[in-house]
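Working notes for the structure below.
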Amino acid sequence: IPVSTLADWVAGVAERILPLVDLLAARVLRAVVVRTDATGLQVLDPRSASHTVSGTMWCMVGDDRDVVFRYTPTGDGATGPWTFLAGRVGYLQADAASIFDRLFKGEVASAIEVGCNAHARRRLVALLATDCRAAYPIKLFARIYRIERLADAQQLSVEDRTKLREERAPALREKLHRWLLATREHEPPGSDMAKAVGYILNQWEALGRFVHDGCLSLDNNLCERQLRDIAIGRRN
């Protein structure tokens, strides 16, 4: 079967299911928690000198693990999250990329920012091989995640998970906060450690929002996993 015929079949199916995709996107926007992330994508384009262009695939995950993808030819906010998530007023979990700021500041939406502790932890893990000081905050992150594993093992309800978090997480976060402030005070501003610490402190409130609401995740890994197939295909 010619490739052009196969491509036409895929395009035909895409056109017919578009109303369902739009309904799914609307359902995601009504979710209690919306998680979002994006990844780059190489797209065939015969008009380009290299016959490929760089696009962006945006992913949004709602309640009940509803997942919707949106493709944009660029990574700009105007064609991406500022359009897809316009008017959002509930929880929105994303990394600390500045492209999402307008969604939290009332410019295109008034969403409630929920940070990603995995991103925060990852910056410290990257330093561990060259700076042993990173071991202590990583240990505190591990203890915070241990609370979640306990809640999962006991299959706690949202209310009970919130109670468990409020009992155990604040003390760990306070230790982490003190370490971050002390480290920043004596660290050269341009060092990798200072940048990692600054990232966490700048996101501190958003990173801790999970403590008081058991429906929130500590990180955005669920959304990142939806993009894994694209990342594997890109590497291949």
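Of note:
- Qualifying positions in segment 191-217 - hydrophobic (A, V, I, L, M, F, W, C) and either in a helix (DSSP H, G or I) or open to solvent by 10 Å² or more (accessible area, probe 1.4 Å) (or both): 193, 194, 196, 197, 200, 201, 204, 206, 207, 210, 211, 215
- Among the candidates 120, 126, 96, 86, residue that is over 30 Å from residue 146 (Cβ atoms) and among the small types (Gly, Ala, Ser): 86
- Condition broken by residue 150, with the remaining ones in (1) touching a helix residue (DSSP H, G or I) at 6+ places or on another chain (Cβ under 9 Å); (2) in a strand (DSSP E or B) satisfied: (2)
- Checking residue 163 against (1) outside any helix (DSSP H, G or I); (2) open to solvent by 70 Å² or more (accessible area, probe 1.4 Å), the condition it does not meet: (1)
- Apart from one condition, residue 73 fits all of (1) open to solvent by 40 Å² or more (accessible area, probe 1.4 Å); (2) more than 17 Å from residue 25 (Cα to Cα); (3) out of contact with any strand residue (DSSP E or B) (no Cβ under 7 Å at 6 or more places or on another chain); the exception is (3).
- Qualifying position, being surrounded by fewer than 17 Cβ atoms within 10 Å (Cβ to Cβ), in contact with a helix residue (DSSP H, G or I) (Cβ under 9 Å, 6 or more places away or on another chain) and of a type in the set (Val, Ile, Thr), among 108, 125, 114: 125
- Count of segment 55-68 residues which are at negative phi and either part of a loop (DSSP other than H, G, I, E, B) or open to solvent by 80 Å² or more (accessible area, probe 1.4 Å) (or both): 2
The values are calculated or read from the model by the stated rules, or taken from the named source; none is laboratory data. Computed from a predicted structure; not experimentally measured. Reconstructed Cβ throughout: ideal geometry from the backbone, glycine too, with neighbour counts over all protein chains shown. The protein model used for the area step is the full one, side chains on, heavy atoms only, and it has no ligands, DNA or RNA in it. Shrake-Rupley method; radii C 1.70, N 1.55, O 1.52, S 1.80 Å.
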